[in-house]
Amino acid sequence: MAPKFLSPQKPKLYYLRRIMTERILILDFGSQYTQLIARAVREANVYCEIIPYSKPFEIDSNLKGIILSGSPFSVNDQNAPAISVKDLVKKLPVLGICYGAQLTAKTYGGRVEKSSKREYGRASMIVQNETDVLLKGISPKSQVWMSHGDSILELPEGFEVLATTESIPVAAFKCNEENPLYGLQFHPEVYHSTEGKQIIKNFLVNICGCSQDWTPAHFITDTVARLKEQIGNRKVIMALSGGVDSTVAATLIHKAIGDRLHGIFVDNGVLRKNEFQEVLDTYKQLGLNVKGIDASKLFYKELKGNPEPEAKRKIIGRLFIEVFQEEANKIEGIELLGQGTIYPDVIESVSVHGPSVTIKSHHNVGGLPEKMHLELVEPLRYLFKDEVRKVGRELGIPSNLIDRHPFPGPGLAIRILGEVTEEKVKLLQEADHIYINALKETGLYATVWQAGAILLPVKSVGVMGDERTYEYTVALRAVTSVDGMTADWAHLPYDFLADVSNAIINNVRGINRVVYDISSKPPATIEWE
Ligand code: XMP
């Protein structure tokens, strides 16, 4: 039986005027690939938004078309999610993908059934009508990615088959209702559909008539105007972390209101080596009005005697808010709080498996909005991470900030297993510095998604010259990933690992052993705590 369909959560109040540009709406039926559809649309320079299929929406002249996503449901399930495709297509062009295509076919009287041959993975699509605008320019045989238990066995009357595969009679179809109506049985948004992006682009440009005006430059002009409108002559405070999102968000807000943006960058004592000063220098270069607060001693004091990962996270989160609030109180008349929130954090997901279990209390380390009761300013709220980077480059933010690996809010505290002390931080900072610099110097930095060193609470025996040593072990971690949700360990060259190991052991007093972590996520996680 299919899992129970949960209703989406209520959205938070949001004050920034919506982005004014042509757009596509993606109605989400709970597929794991829905965000990939959105990213493919955005890559074609067309703005789009994802909303749960059941949410009402406005139709205005900027809305150019609708895409119906896939779903873990079968259209024949009793509680299968549904909308009226017939009503939609009266107003706009529609493209159904996988479940969306099956729902369309079934709505008009087609036959959708569990097929004897389920199709998962790669398949070869055979184009039957190369003159139609959807498959224009696509190879006669093109690799596509299938993931479905049901198949469309018969199309409704008046529908035309555009493509087949060796196993299924309908891989793509069309029908001319009031507006064009298309369906794809496969997932064009998935990397393995080699010409899928072109098919999506064909829908956007040839069928919906989108002018592909969604560019970083356009976003910047539009956003600065919207920020001016929202903020007026008020003041904004914002916590900066040296990360991509907060830096890009702050630069946009600064462009709109200048020094009425007050940035705060806190040294919590568990940053990387020299990071506090280097990041402050870059902010200065960018002309941002940022105050650096060295609160490291306070953090060390409170972390003492607390070896538990979650306790460390909570302490760091709480102290950060206290330090930030104290600084905020020194500035008169603050009414707004800037945040680097990005789209994946706010998409109202359609949950099909119920709430997930908390493995780590990650991303709420700050918890500032709940505490501060200030109006939020979130200029990146509708951007994906790769778009944030593009906007950052367009704004002239240097690559050492834009192309940084992610770094966790609790910093090195969750890479020092057990109790954190100032001495251990210094030790790890040195080892991490050697490792990260070596990655950068060899050009390997850009090939991994995230890397760092971990200080293990293990001492072992070694020998240096004629002396016996009894010192700490450092683990090196490097992973490849797309979004941090799953990750593989990076296959760094042996010679590189050998050089880094030598450099750490020879230069960092207190470390006599280096190991490399070869665990993927799942079942391991990226951070060790
Ligand atoms: P895991 O360890 O769960 O990490 O595989 C996935 C991503 O999240 C980062 N991470 C954190 N980020 N506060 C953060 O801001 C945290 O407490 C935290 N824990 C993990 C981790 O670095 C990786 O990018």
I'd like the Karplus ³J(HN,Hα) series for the range 410-426: coefficients 6.51, -1.76, 1.60, θ = phi - 60°, whole numbers in Hz, and an x wherever there's a Gly or Pro. x, x, 5, 4, 9, 10, 10, 5, x, 5, 9, 10, 4, 5, 5, 4, 4
Out of the chymotrypsin sites (Phe, Trp or Tyr not before Pro) in the range 35-114, which ones are loop residues according to DSSP with at most 13 other C-beta atoms within 10 Å? 57
If amide H atoms are built 1.01 Å from N in the plane of the peptide, which residues on other chains or at least 5 residues away come under 5 Å of the amide H of residue 515? 474, 475, 476
Just from the alpha-carbon atoms, what are the Rg and Dmax of the range 215-402 in angstroms? 17.0, 51
Under a plain spin-label model, where a point goes 7 Å from the Cα along Cα-to-Cβ, how far apart in nm are residue 259 and residue 179? 5.0
Can you list residues whose amide H is under 5 Å from residue 98's amide H, if they're 5+ apart or on another chain and H is modeled 1.01 Å from N? 184, 185, 186
Between the range 35-88 and the range 103-156, what is the separation of their alpha carbon centroids in Å? 19
Can you work out the Karplus-derived ³J(HN,Hα) for every residue in the range 513-529? Use 6.51 cos²θ - 1.76 cosθ + 1.60 with θ = phi - 60°, whole Hz, and x for glycine or proline. 8, 10, 10, 10, 7, 10, 9, 9, 10, x, x, 7, 10, 6, 7, 7, 10
Based on alpha-carbon centroids, what's the gap between the range 440-458 and the range 171-232 in Å, whole number please? 36
Taking H as built 1.01 Å from N, whose amide H comes closer than 5 Å to the amide H of residue 119, not counting residues under 5 places away? 148
Among DSSP bridges having both ends in the range 421-516, what percentage is antiparallel? Round to the nearest 5. 75
For the range 54-60, 3J(HN,Hα) per residue [Karplus equation, 6.51 cos²θ - 1.76 cosθ + 1.60, θ = phi - 60°, Hz, x = Gly/Pro]: 8, 8, x, 9, 8, 10, 10
Using r as the Cβ-Cβ distance of residue 421 and residue 161, and R0 as 60 Å, what FRET efficiency do you calculate, to the nearest 0.05? 0.30
Three principal axis lengths of the range 421-516 [C-alpha, angstrom, descending]: 45, 29, 18
Can you tell me the Rg and Dmax of the chain, counting just the alpha carbons, in angstroms? 26.1, 87
Suppose we keep just the DSSP beta bridges with both residues in the chain; what percent of those would be antiparallel, to 5? 50
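No lab work stands behind these numbers, since they all come straight from the coordinates. Note that the structure is a prediction, hence the values are computed from the model and not measured. Neighbour counts are summed over all protein chains in view; Cβ atoms, including those assigned to glycine, are modelled from backbone coordinates with ideal geometry.
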